[in-house]
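Undergrad: Okay, handing you the structure first.
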Amino acid sequence: MRTPNKLWNSWRGLFRDPIRPFGISSALLLIVLAIAPAKNHFSEWRHYQRGYLKLIRNRPDALVLQRHFEPGIHQIWLPDLGVVDRCETCHLGLTETSLGDIRMQPWSRHPVIPHSMQQFGCVICHRGQGAATTVAAAHDSTLSPDEPILPARYDEASCGQCHHVALEGTPTLNQGREILARYGCVRCHAIKLPDGSAEQPTDEPPPLTHIADKTTREWIYAWLKDPKSYAASATMPNFLLSDDDARDISAFLIANSVAESGDTATLKVASATNADPAAGASLYGESFCASCHATQNAAGNLVGGDLGPELTAVGTKVKPEWLTAWLRDPKTYDGATSMPHYRFTDQQLALLSGFLESKTNSDLLANVHLDAATPEQLAHGKQLVEEYGCAACHEIRGVSRPDNYGPELSRVGSKPVAQLVFTTGMAETLPAYLSNKIERPRSFGPGLHMPQYTFTPAQVDALTTALLSLTDRSYTLPAKMRIAAVQQTAYEPAGRAGHLMTDLNCMACHRINGHGGDMAPDLTWEGSSVQKQWLDAFLKNPNTLRPALIRRMPRFNLTDEERATLTDYMMTVYQNPTIDRDAMPLRGYLPAMVEHGRELFYGKYACQSCHMVDPAQDKGYIGPPLSAVGSRLNAEWIFLWLKNPQQLRPGTIEPDRDMSDDDAHALTAFLMMQTGSGNKGAGK
Amino acid sequence: MKSLHGTAGMLAVVVAVCGCSRQHKAAPAPQATAVGSALVVSSGDKQLGPAGAPLGQPLVMQVNDDQGNGVTGALVMFTGPAGVKFDPSELLTDSSGQVSTNLTLGNTSGRYQLTAVTNNKAGHALPVQVPELAAGYQEELGYQVQRTYCSRCHNPESTPEQVSNHDNLSVPPHSFDQGDTYNKLSDADLTAIIGHGGPAMNLSVLMPPYGKTLTKAEIQAVIAYIRLVSDPPYQAPGLVYAKQ
């Protein structure tokens, strides 16, 4: 009995008063009960909600903002998209248009975007953990390693998850996708899209099966060592080969090449350069070679197009006999080339090849001395060609095209950080990994084969953006949200005219029925648009319609028969089924109507802003000159064009003026009277 | 636990911030070997770039002496609003008296007022304000749209790659950075001019209507772009409330 007594005594000793334990335990209970509300009260998101209220308290629009404010956790729940986003709990000003002046996060207004937040939530675009309610868990990679917030500079990547078509508002993403296709990335790295299609390359790596006809082993060696030393705009990357490796590959490629009789040609004409040293240069200009090929000018700037290879030092590269044969008919050497078959005369061939041969870079091969290759070197060269995946881009005899040479990148934008290997000093995030892989591919370890490209920082960002758009989410989003890229059709013109058009490579520049390039006008409805005599004269001597353009249609020296074939075909086949091109007469409009049209042209519609009718007086050179439009276009086409230009040619910048039929009639009458003086039918 | 997490997180942030600032101090600050009397912008101001991405061109500033010649070895420091990154933020002028820094603007679109400072002989700071422009989605879209449709007349510069008819028009159009003109026009005015042509606001008939060619979103985007690039900067009208 002593022990309980003792206990009681010590208990009494502790509290003295028997009532105290109740008081203390009540206080403890209160504290315990207070933990939950206190935790809530001191939570991070409440802190931001109080901050927001403080921020808006003294603004003139405080009443409206306070009325919009609701305390508590806010959530966007979209079961279809797998979105549970509580971001708006702290980001309270996202939809408040009047908060445009607030830059302080998390309360700033969301910039205007084409989608509603209630429809798409936040994480689809920004990534991060939408369901989290603390700053660190929602944004950082520490607590959610696989999907931290996407840095704002790569935001356009998120658009690319659904939009596989090029959007006007996503220039960075579009540029990145272009690079993927143009620099041959997708030849080694397969990129499959959620709809089952795959990214297609747009570059044209030349076949190497008869390379020895075209160039020398020394040039191949210098090119392999550093393509940029030959051409600043080279799209071939640098494989960082050792001298020995470049020696062996060049030896193998030359030894592996098979000579073809059509690849070389010698001309019987006397040396043409004696005649006039400037004649070659002017033929180069007249043939509009610069529409596709660039050359470096004296200031070191590249001038010209990028459809074909740069020609700054082409004389150092190609053999004269090959160049002559190539200019005579490029399809003999490379059946898939985009280079048109000009019908040059022997005299012109001599002039042009003489001019191109004179464009040299004497430094390039000055220090290249290669001894005859040994069989070991040849074998080693072949082994290197296989190792480096050269055949992924180039056709090489005896080496088959490797399938999936590089890792597939179809979902690289969702690659978990845990699977990535970082080099020291690098931010441990997926975007940093990708941009470093692009900039310094060989720094990630020995034995890697990815070549070194020379991209500007903006190009690296664009390419990283395009890769980051290849996410898991793009596969899991509902299929109806996907907007597929516009695919080129397989259209090819048929018959004798089709054969001629393939020979001239019309579709390298012109698009017809959804197939072809975009440098020159779409010809799908050319037969409805133009008059036959004009087309024939144009093919004979293509003066440009738009003097402001620097890319122009070359003259191909077509025979009368060839021109007739092309003209007949285009006038018959390339017609819009809804247009009767003869519905309105070409001539015979009433003078009063013509005069009314003139008033409308210069007055109400002020067409002279962009077009010229009277070259002496009008100065608009944005649109084509109209001084001879009456001999070029059909009246019905002009009428329908005035009514709705975008319907006839989607994307044209001619504004739709919402014109009445009467106005369009009068303007058509006026324009049909503009037949050009003294130069009828020549299109100028 | 949540609050503890929060506190810990905040502590971590504080520690990180302190750590950062200490690191910055630890980095050897360049010592000025000379001083100039004027600081001017050479190039790279008023650039437009996507928000959060590095700008295309570096910002180049020059420190001059009384005679207007470049001063070598003068210290120039760059500061800007939160989110702006300079690479580097402090450096000495080179042999031609110039400094060049690469810029990354913040993640929100709008006008960023940056400050470059150098000290003169008396030790007084010579601050120069440098505006740079960050485009969000809408401004970026507006830039693309105006490049296709508008700059063919509104751009005072004509180049072979991007021809402009500006100088040939009897009533020359206003370049989009002319804030004095555009800031007087409300969004509704601009929408009317773009949508219905110059005559809609009693302006030149040479400005055609684009209401049926461009979408509403595209017109709004062009206006957002005009607001972004206008100089002096555009001040959005405040909301007007009735007195209580």
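Undergrad: Expressed as a whole number of Å, what is the distance separating the alpha-carbon centroids of the stretch A:1-75 and the stretch A:360-409?
TA: Computed from Cα coordinates, the inter-centre distance equals 75 Å.
Undergrad: Tell me the net charge near A:Asn297. Cut-off is 13 Å between Cβ atoms, A:Asn297 excluded, with +1 for each Lys or Arg and -1 for each Asp or Glu.
TA: Surrounding charge for A:Asn297 is 0.
Undergrad: On to the next question. Please enumerate, by chain and number, the lysines with C-alpha under 27 Å from the C-alpha of A:Lys39, excluding those fewer than 8 residues away in the same chain.
TA: Cross-link targets: A:Lys54, B:Lys2.
Undergrad: Something else about it: Taking Cα pairs under 8 Å and at least six residues apart, what relative contact order does chain B come out at, in percent?
TA: RCO, chain B: 15 percent.
Undergrad: Using just the helices of chain A, give the 222 nm mean residue ellipticity in deg cm²/dmol: DSSP H runs with n ≥ 4 each add -39,500 (n - 2.57), and the total is spread over all residues, rounded to 500.
TA: Calculated from helices alone, the mean residue ellipticity at 222 nm is -11000 deg cm²/dmol.
Undergrad: Please state the charge dipole magnitude for the protein assembly as shown, taken about the Cα centre, from unit charges on C-beta atoms (+1 on K and R, -1 on D and E), reported in debye and rounded to the nearest 20.
TA: Details: 78 positive and 91 negative charges, 746 e Å.
The calculated dipole for the protein assembly as shown is roughly 3580 debye.
Undergrad: Can you order the peptides A:645-656, A:566-577 by their average number of other Cβ atoms within 10 Å per residue, highest first?
TA: Ranked by mean Cβ neighbours within 10 Å, highest first: A:566-577, A:645-656.
Undergrad: Related question: Are there GluC sites (Glu not before Pro) in the stretch A:367-412 that DSSP puts in a loop and that have at most 15 other Cβ atoms within 10 Å, and which ones?
TA: Sparse-neighbourhood loop GluC sites (Glu not before Pro): A:Glu395, A:Glu408.
Undergrad: What does the charge count around A:Trp11 come to, taking other residues whose C-beta lies under 14 Å from its C-beta (Lys +1, Arg +1, Asp -1, Glu -1)?
TA: Combined, the nearby Lys, Arg, Asp and Glu give +3.
Undergrad: Based on DSSP H runs of at least 4 residues, each adding -39500 (n - 2.57), what is the mean residue ellipticity at 222 nm of chain B after dividing by all its residues, to the nearest 500 deg cm²/dmol?
TA: Taking each H run of at least 4 residues, the total per residue is -9000 deg cm²/dmol.
Undergrad: How about the stretch A:393-442: which trypsin sites (Lys or Arg not before Pro) there are in a DSSP loop, with at most 15 other Cβ atoms within 10 Å of their Cβ? Let's see the in-between values first.
TA: Values: sites: A:Arg397, A:Arg411, A:Lys437, A:Arg442; in loops: A:Arg397, A:Arg411.
Listed in order of number, the matching sites are A:Arg397.
Undergrad: Still on this structure, please answer the following. Using Cα pairs closer than 8 Å and at least 6 residues apart in sequence, work out the relative contact order for the stretch B:137-229, in percent.
TA: Result for the stretch B:137-229 is 36 percent.
Undergrad: Would you rank A:Glu199, A:Glu204 by solvent-accessible area, highest first, keeping every protein chain in place and using a 1.4 Å probe? Can you show the working numbers first?
TA: Numbers: A:Glu199 45, A:Glu204 105 Å².
Largest accessible area first, the residues go A:Glu204, A:Glu199.
Undergrad: Give the ranking of A:Asp248, A:Asp195, A:Asp329 by solvent-accessible surface, highest area first, calculated with a 1.4 Å probe. Can you show the working numbers first?
TA: Working: A:Asp248 5, A:Asp195 85, A:Asp329 40 Å².
Of A:Asp248, A:Asp195, A:Asp329, the descending order of accessible area is A:Asp195, A:Asp329, A:Asp248.
Undergrad: A further question follows. I'd like the antiparallel share, as a percent to the nearest 5, of DSSP beta bridges with both residues in the protein assembly as shown.
TA: Taking every DSSP beta bridge within the protein assembly as shown, about 90 percent pair in antiparallel fashion.
Undergrad: Ranked highest first by the average count of other Cβ atoms within 10 Å around their residues, in what order do A:121-127, B:98-104, A:331-337 fall?
TA: A:121-127, B:98-104, A:331-337
Undergrad: Under 30 Å from the Cα of A:Lys331, which lysines turn up, not counting those fewer than eight places away in the same chain?
TA: A:Lys214, A:Lys225, A:Lys228, A:Lys268, A:Lys317, A:Lys319, A:Lys359, A:Lys382, A:Lys532, A:Lys540
Undergrad: Shape verdict for the stretch B:137-229, please, from the Cα gyration tensor: rounded (a/c under 1.5), prolate (a/b greater than b/c) or oblate.
TA: Working: a/c = 1.38, a/b = 1.11, b/c = 1.24.
Here the stretch B:137-229 falls in the rounded category.
Undergrad: For chain A, list the DSSP H helices whose alpha carbon atoms reach 30 Å or more along the long axis and whose average Kyte-Doolittle value is 0.5 or above?
TA: Going by DSSP H runs, the hits are A:20-41.
Undergrad: Which aspartates and glutamates does B:Lys184 reach when only Cα atoms under 19 Å apart count, and residues fewer than 8 places away in its own chain are ignored?
TA: B:Lys184 reaches B:Asp231.
Undergrad: Let me make sure I get this right: for the stretch A:591-672, a, b and c are the square roots of the gyration tensor eigenvalues over alpha carbons, sorted descending. Under 1.5 in a/c it's rounded, otherwise prolate if a/b > b/c, else oblate. Which is it?
TA: Judged from the Cα gyration tensor, the stretch A:591-672 comes out rounded (a/c under 1.5).
Undergrad: Can I ask one more? Give me the net charge of A:Trp107's neighbourhood, meaning all other residues with Cβ under 13 Å from the Cβ of A:Trp107; Lys, Arg count +1, Asp, Glu -1.
TA: Result for the local shell: +3.
Undergrad: Once you have a ≥ b ≥ c as the square roots of the Cα gyration tensor eigenvalues for chain A, tell me rounded if a/c is under 1.5, and otherwise prolate or oblate according to whether a/b is larger than b/c.
TA: In terms of gyration-tensor shape, oblate.
Undergrad: Using alpha-carbon pairs under 8 Å, 6+ residues apart, how would you state the relative contact order of chain A in percent?
TA: Relative contact order, chain A: 12 percent.
Undergrad: Please identify the trypsin sites (Lys or Arg not before Pro) of the stretch A:236-327 that satisfy two criteria: DSSP loop assignment and at most 14 other Cβ atoms within 10 Å. Which are they?
TA: A:Lys268
The values are calculated or read from the model by the stated rules, or taken from the named source; none is laboratory data. These numbers were taken from a predicted model, which means no experiment stands behind them. In this analysis, Cβ positions are derived from the backbone assuming ideal geometry, glycine residues included, and neighbour counts consider all displayed protein chains. Quick note on the areas: whole protein, heavy atoms, side chains included, nothing else; ligands and nucleic acids left out. Shrake-Rupley method; radii C 1.70, N 1.55, O 1.52, S 1.80 Å.
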